[in-house]
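Undergrad: Structure below; questions to follow.
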Amino acid sequence: MFTIESLHQPQTLSEVKQLVEKYPDITVLGGCGFLKLSSRKIPVALDLSRCELEKIHETEQHIEIGAMVTLRDIEKNPALNQWFDGALPKAVSHILGVQFRSCATIGASVYAKYGFSDILPALLALDTQVELLRGGRMPLVDFLSKPITRDVLTRIVITKDKRRVSYQNLRNAGADFPLLNAAVSKHDAEWKIIVGARPARAEIAVQASKLLTSSAYGTVDSGTVAMAASMELAFGSNNKASAEYRQAMCQVLVKRAIEEVLA
Amino acid sequence: MKLELLINQKIYALDVAPDEMLADTLRSKGFLSIRKGCDTSCCGLCTVWIDGKPVLSCTMLSFRVAGKAITTIEGIQPEAEKFARILAAEGSEQCGFCSPGFIMTVIAMKNELKNPTEQDIQHYLAGNLCRCTGYMGQMRAIKTYLRGEVQ
Amino acid sequence: MKWVGRSVSKIDGVAIATGKPLYTEDLTVPGTLVVKLLRSPHAFARIKSIDVAAAKQMVGVECVLTHQDVPQVRFTKAGQSFPEPSPYDRLILDPIVRYVGDEVAIVAAVDEKTALAALDLIKVEYEVFEPVLDLSSAIDHPSVVHPETDLHCNFPIGLEQQRNIASSHTVEVGDLAAELALCDVVVEETYKTQAQAQAMMETFRSFTYLDQAGRLVVISSTQIPFHVRRQLARALQIPATRIRVIKPRIGGGFGAKQTGVCEVYPAIVTLKTGKPAKVVYERKETFIASNSRHATEFKVRMGASHDGIIRAIEIVGLSDTGAYGEHAPTVFAVIGDKTMPLYNKTKAIRYQGHAVYTNKLPGGALRGYGATQGTFVQESTVNKLAAELGIDPTEIRLKNLIRETETSLYYKGKKLGSSSLHRCIETGKSMIGWDAKFPRIEQGSKVRGVGMAVTMQGSGIANIDTASAEIRLNDDGFYTVLVGSTDMGTGSDTILLQMAADVLNADMDQFIINAADTDVSPFDPGSYASSTTYVTGMAVKKAAEELRCKILEQAAKVLQAPADQLELSGEQCVDPASGKTVSVASIAAAAVVGPDHRQLSAYATFGSPVSPPPFVAGFAEVEVDKETGKVTLLDFVAVVDCGTVINPALARVQTEGGIVQGIGMALFEDVQYDKKGNLQSNSFMTYKIPGRSDVGIVRVAFEESYEPTGPFGAKSVGEVVINTPAPAIVAAIYNAVGVQISELPVTPEKVFKGMQQKS
Ligand SMILES: Cc1cc2nc3c(=O)[nH]c(=O)nc-3n(C[C@H](O)[C@H](O)[C@H](O)COP(=O)(O)OP(=O)(O)OC[C@H]3O[C@@H](n4cnc5c(N)ncnc54)[C@H](O)[C@@H]3O)c2cc1C
Ligand code: FES
Ligand code: FES
């Protein structure tokens, strides 16, 4: 368990900004699910729960999710269930139980860029932007490819478009971390294939996505594309599975996801 | 930090550390139904309600729930006992250590879901581990309990 | 018979379920010191120096102890009757640390934060040794896990300290080589089983204080209060008269608490400071620094004639007792004792091997106590044999299994008192739909398979377990039952009362039960080895019978009729001849007033020369995803012979719970160490016990038999139920996709690789 020496509870984002500038080593408190696993001594902690960041707003074109929105809120949100085949609620629904999901926050889950994340593949399959206090707004892919700098994630903005999405995962046990996951989306003619928990962080299989996008509708061989994805991405071994098994499973999950999108 | 917590409809003026988790605050105030089964937010034993929703008190910082309604099983004894009797008839409160958190989740589910299927129930309770019972008797008890509600 | 056979709710059920403060930590008092343990970061090392000055100076720290401050007398933490078979190879704190997590120092402070901060201030210098981390190369490893010269065994257990052998065991009957040569078919396989964690929800914890007489009171979440008293007396070098051990409600044990894991730490703090102290293990400590099932490696050879009669079985291998030898010789023995007698058409058997020391988490007791490992290796081999011979797995068992009144090579002439195992198999077959489903049903990219296994266990330890019970008739006409068994959620307190109430023909609410408090309770070894219903139950029944006679003797005086003509009917003693009655209450009241009276009470002791085996036939139906290797357990059927079922609801839940623990061992509970000996599966995040969506449906049926030596014909049910899932599930996978898994747990990857190798 971590310990906190001093705590700040700002009410506005501009106060947050001042604090972040004043204390370069400030630690943002999300739902504390992951923080709790460490015995870190936190000199300065920042609580965002009074900054109006715990709401999901639906606008004409976007769904905006505040950083302090819990995974449970996402799971239950009508808009997120209605759009994108409910891929995001589906992805979070595998994470432990409702009580945990009522604690864990989306901001932390995205900011921390976990390799095992169920959330990142689903978000990458959508047109997702992240909003950072200092870094400003940027596409999620760009954020993920940047090295972690000290910043605060404030919002996630998803463009409402009529894409079809499938989310797939493989776990040894129900409430376990995924040993591999995949998301596939199709927006108009454009496909995106994402594979995560390799165990490295979710990544878009760019070549395979292109291959699928360029093949004429109806002539897609999902198996070939899935194979291409498994060749293009790198896989590693850890306690949950070996690299070879992950690579083989990548083919299965991607194929299933493509077929679900086409169904 | 000095703050007021509304626990089981009573206001407690407390002095909590900023890194104090609600489970510890509650136990220190004598709510001994709060049990911890893990250090990693995995077991659900410590489940309480915040504004009626089930939450892990081991993972919830105490200062965050100021101004919200905290409910422990001590605060809903008649309903908890009603279900506990059904559970006991199945023998599915074996060591009983997981039961308070389990019961808090079951009653929250009953309040939240209308006519849940067996799958809905399993999904809702996925965060409540039990090492003794093997879960089958818990499911039988839940079904009996929910049937009672429909009648 | 009013109570035995009824699904009576547990007497403590509603209270524990609704969160009443009844467990160890709930009973601590303000001012209780918090004890924390500094643990070794090395798998094998010697403490060169340890500096506790800074920790001692910290405000709020009341006590810091190192190996220099504790008695240097070796003892065992294993909860076993004296003289314990487990070697005395422990010190409270030892200058040598033998696994990652071994205790280095004890700190007690006013609160947890202070105690943890003080741990950080202790500076230790270690001389690090090459650890022994691999079971198969432990014997004659250059590193000797126990180099000390004062290690002690109460009697020979085949310990060879210099070779890292904790115990040795051989059972051999008949000429194995000759019999195997005569067999038409001989199958052979090597297996590995993992060091499963008990993972009870309440971690280890104890609370200690000094009472008004300066005696040490230990309130502990333990299965073995009397053994803990004896252990503490030896470890702390104080007389047992100065120790009282009380067991409150326990949040599960499963054998983990048949070892005195944590009591000694707060106890020594209380003795040194005079203050109340408590230790509450974190989940991580519970995983890395307590005990687990002994991991094993076995090679099995089994020979049969072409008609499927099993003639010879050989099981040879090793068990890993880790850093300390707790339960090492006994678990190793049980692996053979509770498996080989099943197949009694054998002409030759051999069971042989060693428990070995390594620098890992110590082994201990876990539900099944070796029978689980034995069942996995033997039943998997029987399944393999059946496949080789083309005989249905259920048929080969019906042909070969021991029946009631028969003996086996292992039994040395003793006869089996009761068994309905053959009926269990028939019932299970029809419940799972065996004939329609065996071996597999293809369903596109998925395939379903069924598999089965049988098992036996014991009920108490023959010629060792002895329990006593006392029943008093109180002045108000109600009864007090005093026992030393330890209900850990099993409902044994309730079951014992059901038995007493039946004999005394009274309502259950006429009874109170007191268990367990070493100052008050009659001796009981504690609740382990599936002993409570059978051994303590029999003691309770005998005591109740004796009390019944005493009550009727008193009634005879009042009613002026011969005692043997009278009946005890609830609250009245009745003379059927005259119709006259006298109430038990009035007899009770009269017994405690005036001279020449004596309060009525009865005391009985029971120990058995046999340990009657309960049996289970377990059947699994799995679905295997042929593309991923993922196994989904759809249905598990367990048909149980536990003799007479005393309380069907409780027996059923015992069974369901045990089956699910067995499923966990089969499919999910993966024990992983890194190269330095760190146990990495040390939380519920990394060590996955089954959740409710992981286990499919578990269905239970009972095929009662009548055990002549048991109370009301009962045997036991606590342990036997964990044994069949692993072999039955592994067989179902084999029947589905032809992949033989011989190393637990089964993972999707293992199945997938197996399928790839085949194709
Ligand atoms: C036992 C367990 C199992 C899990 N299983 C899964 C799983 O199967 N799949 C899955 O996808 N996830 C899983 N997770 C991760 C979980 O979903 C969350 O992602 C994780 O707990 C982080 O969320 P949190 O709110 O608890 O973050 P915290 O623990 O509060 O924070 C995590 C990190 O993010 C930083 N942080 C928090 N908020 C912000 C912010 N707004 N801006 C910048 N930095 C911030 C914190 O400082 C900290 O460094 C699991 C977690 C646990 C504990
Ligand atoms: S104690 Fe395990 S989830 Fe809270
Ligand atoms: S009843 Fe013991 S853990 Fe659930």
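Undergrad: If only one of B:Leu87, B:Leu61 is open to solvent by less than 30 Å² (accessible area, probe 1.4 Å), within 16 Å of ligand 3 (Cβ to nearest atom) and either of a type in the set (A, V, I, L, M, F, W, C) or over 24 Å from C:Gly252 (Cα atoms) (or both), which one is it? Steps first, answer last, please.
TA: Numbers: B:Leu61 fails: within 16 Å of ligand 3 (Cβ to nearest atom).
Answer to the check: B:Leu87.
Undergrad: Go through the residues of the stretch C:186-196 one by one and say whether even a single one is more than 16 Å from ligand 1 (Cβ to nearest atom), farther than 25 Å from C:Arg234 by Cα, modelled with pLDDT of 95 or more and touching a His at 6+ places or on another chain (Cβ under 9 Å). Full working, then the answer.
TA: Within the stretch C:186-196, the subset more than 16 Å from ligand 1 (Cβ to nearest atom) is C:186-196.
Adding the requirement that they be farther than 25 Å from C:Arg234 by Cα leaves C:186-196.
Of the ones still in play, those that are also modelled with pLDDT of 95 or more are C:186-196.
Then drop every residue that is not touching a His at 6+ places or on another chain (Cβ under 9 Å), which leaves C:193, C:195.
Yes, there is a match, as at least one residue in the stretch C:186-196 is more than 16 Å from ligand 1 (Cβ to nearest atom), farther than 25 Å from C:Arg234 by Cα, modelled with pLDDT of 95 or more and touching a His at 6+ places or on another chain (Cβ under 9 Å).
Undergrad: Among the residues of the stretch B:8-52 satisfying the criterion of being away from chain C (no Cβ under 14 Å) and either within 16 Å of ligand 2 (Cβ to nearest atom) or closer than 15 Å to B:Gly75 by Cβ (or both), which is least open to solvent (accessible area, probe 1.4 Å)?
TA: Filtering first and then ranking leaves B:Leu22.
Undergrad: Now, a different point. Among the residues of the stretch A:222-246, write down those that are outside any helix (DSSP H, G or I) and open to solvent by 60 Å² or more (accessible area, probe 1.4 Å). Break it down into steps so the answer makes sense when it comes.
TA: Of all residues in the stretch A:222-246, those outside any helix (DSSP H, G or I) come to A:233-242.
Result: A:Ala234, A:Ser237, A:Asn238, A:Asn239.
Residues checked against (1) more than 16 Å from ligand 1 (Cβ to nearest atom); (2) farther than 26 Å from A:Ile65 by Cβ; (3) within 14 Å of chain C (Cβ to nearest Cβ); (4) surrounded by 15 or more Cβ atoms within 10 Å (Cβ to Cβ):
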{"site": "A:Val152", "(1), (2), (3), (4)": "no, no, no, yes"}
{"site": "A:Ala173", "(1), (2), (3), (4)": "no, yes, yes, yes"}
{"site": "A:Arg198", "(1), (2), (3), (4)": "no, no, no, yes"}
{"site": "A:Val220", "(1), (2), (3), (4)": "yes, yes, no, yes"}
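Undergrad: How about the stretch B:96-151: which of its residues are outside any helix (DSSP H, G or I), under 25 Å from B:Ala69 (Cβ atoms) and away from chain A (no Cβ under 13 Å)?
TA: Within the stretch B:96-151, just B:Lys114 meets the criteria.
Undergrad: Starting from the stretch C:34-52, take each residue that is closer than 16 Å to C:Thr358 by Cα and list its partners that are assigned to a strand (DSSP E or B) and aromatic (Phe, Trp, Tyr), counting only C-beta distances under 6 angstrom and pairs at least six apart or across chains.
TA: If the second residue must be assigned to a strand (DSSP E or B) and aromatic (Phe, Trp, Tyr), the pairs left are C:His42/C:Tyr126; C:Ala45/C:Tyr126.
Undergrad: Please verify whether the stretch A:75-83 includes one or more residues that are assigned by TED's automatic domain parsing to the domain that holds A:Thr149, within 16 Å of the chain's Cα centre (by Cα) and open to solvent by less than 60 Å² (accessible area, probe 1.4 Å).
TA: For the stretch A:75-83, residues assigned by TED's automatic domain parsing to the domain that holds A:Thr149, within 16 Å of the chain's Cα centre (by Cα) and open to solvent by less than 60 Å² (accessible area, probe 1.4 Å): present.
Undergrad: Same structure again: With the structure loaded, tell me whether C:Gly252 is crowded, with 24+ Cβ neighbours inside 10 Å and on the phi > 0 side of the Ramachandran plot or whether it fails that test. First the steps, then the outcome.
TA: Working: crowded, with 24+ Cβ neighbours inside 10 Å: yes; on the phi > 0 side of the Ramachandran plot: yes.
Here the answer is yes, as C:Gly252 does meet what is asked.
Undergrad: Still on this structure: Check off (1) closer than 19 Å to C:Leu22 by Cα; (2) within 15 Å of ligand 2 (Cβ to nearest atom) for B:Leu87 and give me the number that stays unchecked.
TA: Answer for B:Leu87: the failing condition is (2).
Undergrad: With the structure loaded, tell me whether C:Gly13 is more than 19 Å from B:Leu26 (Cβ to Cβ), surrounded by 21 or more Cβ atoms within 10 Å (Cβ to Cβ), within 9 Å of chain B (Cβ to nearest Cβ) and small (Gly, Ala, Ser) or whether it fails that test.
TA: Details: more than 19 Å from B:Leu26 (Cβ to Cβ): yes; surrounded by 21 or more Cβ atoms within 10 Å (Cβ to Cβ): yes; within 9 Å of chain B (Cβ to nearest Cβ): yes; small (Gly, Ala, Ser): yes.
Against the criterion (more than 19 Å from B:Leu26 (Cβ to Cβ), surrounded by 21 or more Cβ atoms within 10 Å (Cβ to Cβ), within 9 Å of chain B (Cβ to nearest Cβ) and small (Gly, Ala, Ser)), C:Gly13 qualifies.
Undergrad: If you don't mind, another one. Test B:Thr59 against the stated conditions and say whether it is touching a Cys at 6+ places or on another chain (Cβ under 9 Å) and within 16 Å of ligand 1 (Cβ to nearest atom).
TA: Details: touching a Cys at 6+ places or on another chain (Cβ under 9 Å): yes; within 16 Å of ligand 1 (Cβ to nearest atom): yes.
Considered against the rule, which asks whether it is touching a Cys at 6+ places or on another chain (Cβ under 9 Å) and within 16 Å of ligand 1 (Cβ to nearest atom), B:Thr59 comes out as yes.
Undergrad: For C:Lys676, state whether it is assigned to a loop (DSSP other than H, G, I, E, B) and open to solvent by 20 Å² or more (accessible area, probe 1.4 Å).
TA: Yes: the conditions hold for C:Lys676.
Undergrad: One residue is enough: does the stretch C:19-38 have a residue meeting the conditions closer than 15 Å to B:Arg27 by Cα, buried (at least 23 other Cβ atoms within 10 Å of the Cβ), of a type in the set (Gly, Ala, Ser) and not assigned by TED's automatic domain parsing to the domain that holds C:Tyr324?
TA: yes
Undergrad: What number of residues within the stretch C:345-368 are hydroxyl-bearing (Ser, Thr, Tyr) and more than 20 Å from C:Ser408 (Cβ to Cβ)?
TA: 2
Undergrad: Please report, ordered by residue number, the strands (runs of 3 or more DSSP E) entirely within the stretch C:428-498 with at least 1 residues that are open to solvent by 30 Å² or more (accessible area, probe 1.4 Å). Spell out how you get there, then give the answer.
TA: Working: elements: C:440-443, C:446-456, C:466-473, C:479-483.
Result: C:440-443, C:446-456, C:466-473.
Undergrad: Go through B:Leu87, B:Leu113 for me and flag whichever is closer than 19 Å to A:Leu96 by Cα, hydrophobic (A, V, I, L, M, F, W, C) and more than 16 Å from ligand 1 (Cβ to nearest atom). Before the answer, list the steps.
TA: Values: B:Leu87 fails: closer than 19 Å to A:Leu96 by Cα.
Unique residue meeting the criteria: B:Leu113.
Undergrad: Now for a separate question. Please state which one of C:Ala529, C:Ala602 is within 24 Å of C:Val645 (Cα to Cα) and not in a helix (DSSP H, G or I).
TA: On the way: C:Ala602 fails: within 24 Å of C:Val645 (Cα to Cα).
Going through C:Ala529, C:Ala602 in turn, the sole match is C:Ala529.
Undergrad: Taking the stretch C:197-221, which residues are within 14 Å of chain B (Cβ to nearest Cβ) and either away from ligand 3 (no atom under 16 Å from the Cβ) or over 20 Å from the mean Cα position of the chain (by Cα) (or both)? First the steps, then the outcome.
TA: Of the residues in the stretch C:197-221, the ones within 14 Å of chain B (Cβ to nearest Cβ) are C:197-205, C:207, C:221.
Across the stretch C:197-221, the qualifying residue is only C:Phe207.
Undergrad: Take C:Val739 and decide whether it is in contact with a helix residue (DSSP H, G or I) (Cβ under 6 Å, 6 or more places away or on another chain) and without any contact (Cβ under 8 Å) to a residue 24 or more places away in the chain. Let's see the steps before the verdict.
TA: Details: in contact with a helix residue (DSSP H, G or I) (Cβ under 6 Å, 6 or more places away or on another chain): yes; without any contact (Cβ under 8 Å) to a residue 24 or more places away in the chain: yes.
It is true that C:Val739 is in contact with a helix residue (DSSP H, G or I) (Cβ under 6 Å, 6 or more places away or on another chain) and without any contact (Cβ under 8 Å) to a residue 24 or more places away in the chain.
Undergrad: Within the stretch C:64-75, can one find any residue that is touching a helix residue (DSSP H, G or I) at 6+ places or on another chain (Cβ under 6 Å), within 29 Å of B:Arg35 (Cα to Cα) and among the hydrophobic types (A, V, I, L, M, F, W, C)?
TA: The answer is yes; a qualifying residue exists.
Undergrad: Please work out which residue is nearest to ligand 1 (Cβ to nearest atom), limiting yourself to the stretch A:83-94 and to residues that are touching an Asp or Glu at 6+ places or on another chain (Cβ under 6 Å) and without any contact (Cβ under 8 Å) to a residue 40 or more places away in the chain. First the steps, then the outcome.
TA: Taking the stretch A:83-94 first, the residues touching an Asp or Glu at 6+ places or on another chain (Cβ under 6 Å) are A:89, A:91-94.
Of the ones still in play, those that are also without any contact (Cβ under 8 Å) to a residue 40 or more places away in the chain are A:89, A:92-93.
Numbers: A:Pro89: 13, A:Val92: 7, A:Ser93: 10 Å.
For the stretch A:83-94, the residue satisfying everything is A:Val92.
Undergrad: Sticking with this structure for a sec: Determine whether the stretch A:106-121 contains at least one residue that is more than 16 Å from ligand 2 (Cβ to nearest atom), part of a helix (DSSP H, G or I), touching a residue at least 40 places away in the same chain (Cβ under 8 Å) and within 14 Å of chain B (Cβ to nearest Cβ).
TA: Yes, because at least one residue in the stretch A:106-121 is more than 16 Å from ligand 2 (Cβ to nearest atom), part of a helix (DSSP H, G or I), touching a residue at least 40 places away in the same chain (Cβ under 8 Å) and within 14 Å of chain B (Cβ to nearest Cβ).
Undergrad: So in the stretch A:151-166, with the set limited to residues that are outside any strand (DSSP E or B) and of a type outside the set (Asp, Glu), which one is nearest to ligand 3 (Cβ to nearest atom)? So that I can check it myself, show each step before the final result.
TA: Step one: of the stretch A:151-166, the residues outside any strand (DSSP E or B) are A:151-152, A:160-163.
From the residues that got through so far, the ones that are of a type outside the set (Asp, Glu) too are A:152, A:160, A:162-163.
Details: A:Val152: 40, A:Lys160: 44, A:Lys162: 46, A:Arg163: 43 Å.
Among them, the one singled out is A:Val152.
Undergrad: Count, please, the residues in the stretch A:1-37 that happen to be over 24 Å from A:Asp73 (Cα atoms) and more than 11 Å from chain B (Cβ to nearest Cβ).
TA: So the first thing to find is which residues in the stretch A:1-37 are over 24 Å from A:Asp73 (Cα atoms), and the list is A:1-8, A:14-15, A:17-26.
Restricting the remaining residues to those that are more than 11 Å from chain B (Cβ to nearest Cβ) gives A:14-15, A:17-26.
Total satisfying the criteria: 12.
Conditions tested, residue by residue: (1) within 10 Å of another protein chain (Cβ to nearest Cβ); (2) crowded, with 24+ Cβ neighbours inside 10 Å.
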{"site": "C:Gly657", "(1), (2)": "yes, yes"}
{"site": "C:Val660", "(1), (2)": "yes, yes"}
{"site": "C:Gln680", "(1), (2)": "yes, no"}
{"site": "C:Glu703", "(1), (2)": "no, no"}
{"site": "C:Pro708", "(1), (2)": "no, no"}
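Undergrad: Follow-up question, since we're still on this one. Looking at (1) over 30 Å from C:Gly451 (Cβ atoms); (2) crowded, with 18+ Cβ neighbours inside 10 Å; (3) touching a residue at least 24 places away in the same chain (Cβ under 8 Å), can you tell me which one C:Val616 breaks?
TA: (1)
The values are calculated or read from the model by the stated rules, or taken from the named source; none is laboratory data. As the structure is a computational prediction, the values presented were derived from the model and not from experiment. FYI the Cβ positions are ideal-geometry reconstructions off the backbone, even for glycines, and counts take in every protein chain you see. Side chains included, ligands, DNA and RNA excluded: accessible areas come from the protein's heavy atoms. Shrake-Rupley method; radii C 1.70, N 1.55, O 1.52, S 1.80 Å.
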